[in-house]
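**Q** Before I ask anything, let me first share the structure, which is written out below as structure tokens.
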Amino acid sequence: MDAGGQVMAPARSLGERLRAARDRFFVGRERELDAFRTVLRDGGLLGLHGPGGIGKSTLLRRLADEARDAGRTVAEVDGRAIEPTPVAFAAEVDRAGGSVLLVDAFEHCQGLEGWLRDVFLPRLPAGSAVVIAGREPCVPGSRELGDLSPAEADRLLELRGVPAESRPAVLSFAGGHPLALSLAATLPDGSLPGRATFPAGPRHPATDPAPPAGRSAPAAGGPVPSAGGATAPDDAAAPSDSVTPGDPAAPGDPAAPGDPAAPGGSAAPGDAGAPGAPGSVPSPGGAVWRPAPEVLASLLGALIGDVPSERHRRALEICAHAPHTTEALLTAVLDGPAGVGLPGGPDPADAGALVRWLRALPFAEAGRHGVALHEMVREAVDADLRWRDPAAYERMHHAIGDHLLARVRAAGTPAESLAAARALAHLQRYGPAAEWLTLLPRHGDGYEDGLRPGDHAAIVAMARAAQGDEAAAVVTHWLGVQPESFRVYRRSTDDSAAGFLLWLRLPAVGPDGSPDPAVLAADPLAAAALAHAERTRPLGAGEHVGMMRFMLDGTGHDEMTSAMHTLQLRVYALWIRSDRLAWTYVPAAGAHRWERLLGLVGHRPVDGTVTVGGRAYTLFACDWRVTPHDVWFSLAPPPASPRPPAVPALARPDFDAAVRAALRDFHRAAALAASPLLRTRMIVAASGGTGDPVEALRELLTDAVDTLRDDAREARLHRVVATTYFHRLPTQAAAADRLGLSFSTYRRHLHRGLDLVCTHLWRHESAAP
């Protein structure tokens, strides 16, 4: 009781106050809440999926509160914060404990889907309640989350304190986009955007992967405005982490995911953008409005225009560029020897204060590895600095790279060094190696491990299948001489070997520890590498040569699979961490295909070739004693290409080949910029001679694929072509599986669909002025 004799309410804990705030601002999701209550009562599995920003994390926090209210213990797992391996996932669940398991951001370990379904979930105790949320459907019957309805969007703004007279303008601008609504609600009075000032822009494939209603592919994205409202060039945006879809002539090439399931209801506020789902807010013209990066950039311009200091602004830019931001990173980048801090003495805001400020931003998430911005916000902020101050951008890029490089060197275990190399690869996305080094969409298909006794036969068989009997004999030789030099990529579902890396340390030694020529006699490539080092720049005392002798996976396809990507990261860690490493060598058959990629990491071709098993190999060499360390994160984006000169029209066979190549490269702007289709009359007409021809090409490809839907007899072909080229799955076999088709039927439909798309575009080209 207080002094006046009144009964006082008990003081609430911080957790209770946070819960009350979440409850206050939660809107919609009644169907999903009902479904969860059933799972909570009876046990079972609930899947939720939707694009980034549709409110999955917000909904999971609400489900966690409801489970605790029911007296259940809750284990919360964030797919962004764990290594995508069965061991790491199971360990995180065990660490968290609880009879209710909530998994967020499952897209970061989507490859664990089979293991989760077949191995992990059946082991859980009876009555366990599991919810898995990600960008792709992750379990059978997964529910797709949709935008806020007009009434729910208005209610959210009301709860957020937006005045009634301002809400119509915000709704017209932000539609039902949860992130845009939440950001708009945090703007200071008088800075709310209006309909006329900030028109809705087109979608951007790199940040908004799901198609809007009535479209099978993302519409072309326009330029991204800076945080201050100016417009940045399109190539300033961070590259998409997509994988190029395959041509039907190559059965194992990467394909893309199937169409999402039907929308599952209204959305809670959260992170950004959902595809034209029921409840989307119509634009003034009557069409379903879709949020674009321009909207977020405009909001950010108002939000971050009054940051506490220039140092805070730089911290935000660092957070947008790095995979995760910590106090150590901010200290190194802002105040280190190569830092980008401001002149004139230290700022009162130290790294700890800056991290606390970043965590409090409405578009930031704090996790185990540090603070990360929402992906769409990250791109807008990063593009703004890259356009506005390229020199500062490059200094920041290199300072972050120095810190990440030190993390790789300091890692204590193989798992830690691989995770640190993955962070370094994230930074390389911003440079010219992006098309090779972007992270694959299905982390978790497998994991890296050491050699086990039962692996020998499988590894030898892989080498034989890929390169013949002589390669198998070489692998057998090194299994006996340097078994510790093998790293194995294992399938998550059954731990079997799916790929392997052989990283040799040369010169090889005999039993007495001295170089043994007989050891090298069995491997001509290893002998050639040592001979080149000896005649070019011999090894000093204690120095050695490293050689990536084999990097293979069991698919037999020479492409960037999940296995190859993970093993590539291991090679990076070995290059960086090996003590007294003088030379490294990478042998390659078909040297012209690898010369540019290996050149970006300091390796140059050696004169001459070495023939093994009937194949001619070129050795690519790097002398690390004279190679600068910043080769790992060099920033050298190619200059904007001038408009190609007019050339004679393409013949029909060349035209069709160019269409197929452009569909494969749909998500890769740099590749599309070299397409011969940009010189066609239809592209000149579509871009008006002054617009972006790459975006005009994307739009024409999208329209051509959509014409397959116009004929009921060919509608099935539309889904096959759209799934293959506009969405994301690792292989065409996975696309066929997602579509529920046999591979032969899938290929037949894909060939037929491509023929019709090419014919449609040829007619369009023939009719163009």
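**Q** Using just the alpha carbons, could you tell me how many Å³ per residue the convex hull of region 391-488 encloses?
**A** Each residue corresponds to 146 Å³ of Cα convex hull volume.
**Q** Take 562, 142, 675 and order them by how many other Cβ atoms sit within 10 Å, fewest up front.
**A** Ranked by crowding around the Cβ, least crowded first: 675, 142, 562.
**Q** Based on the mean of other Cβ atoms within 10 Å per residue, sort peptides 539-546, 485-492, 522-529 so the most packed one is first.
**A** Taking the mean over residues of other Cβ atoms within 10 Å, the ranking is 485-492, 522-529, 539-546.
**Q** Arranged by the count of other C-beta atoms within 10 angstrom, fewest first, what order do 87, 381 take?
**A** The fewest-first ordering by Cβ neighbours comes to 87, 381.
**Q** Further, regarding this structure: For region 446-633, what class follows from the C-alpha gyration tensor (a ≥ b ≥ c being the square roots of its eigenvalues): rounded when a/c is under 1.5, otherwise prolate if a/b is larger than b/c, else oblate?
**A** rounded
**Q** Counting other C-beta atoms within 10 Å, which of 400, 576 has the fewest, and how do the rest follow?
**A** 576, 400
**Q** Further question on the same structure: Can you give the local net charge around residue 462? Use residues other than it whose beta-carbon is closer than 12 angstrom to its beta-carbon, Lys and Arg +1, Asp and Glu -1.
**A** For residues surrounding residue 462, the net value is -1.
**Q** Additional query: Can you tell me the equivalent ellipsoid semi-axes for region 133-178? Use √(5λ) from the Cα gyration tensor, largest first, whole Å.
**A** Calculated on Cα positions only, the semi-axes equal 29, 9, 8 Å.
**Q** Dipole of region 446-633, Cα-centred, from +1 at each Lys and Arg C-beta and -1 at each Asp and Glu C-beta, to the nearest 20 debye?
**A** Dipole of region 446-633, to the nearest 20 debye: 320 debye.
**Q** Highest mean first, what order results for 350-359, 650-659 on Cβ atoms within 10 Å?
**A** Result, highest mean Cβ count within 10 Å first: 350-359, 650-659.
**Q** Summing Lys, Arg as +1 and Asp, Glu as -1, what charge do residues with Cβ under 13 Å from the Cβ of residue 399 carry, residue 399 excluded?
**A** Residues close to residue 399 contribute a combined charge of -3.
**Q** Can you give me the orientation-averaged projected area of the convex hull built on the Cα atoms of region 652-767, in nm²?
**A** 7.2 nm²
**Q** For region 29-175, list log₁₀ I(q)/I(0) at each q in 0.10, 0.12, 0.19 Å⁻¹, using the Debye formula over Cα point scatterers of equal strength and ignoring solvent, two decimals each.
**A** Results for region 29-175 at q = 0.10, 0.12, 0.19 Å⁻¹ read -0.39, -0.54, -1.11.
Every number in this text was worked out from the coordinates using simple rules, so none of it is lab data. What you see is a predicted model; the values in this text were computed from it and never measured. Here the Cβ is made from the backbone with ideal geometry for all residues, glycine too, and neighbour counts use every protein chain on show.
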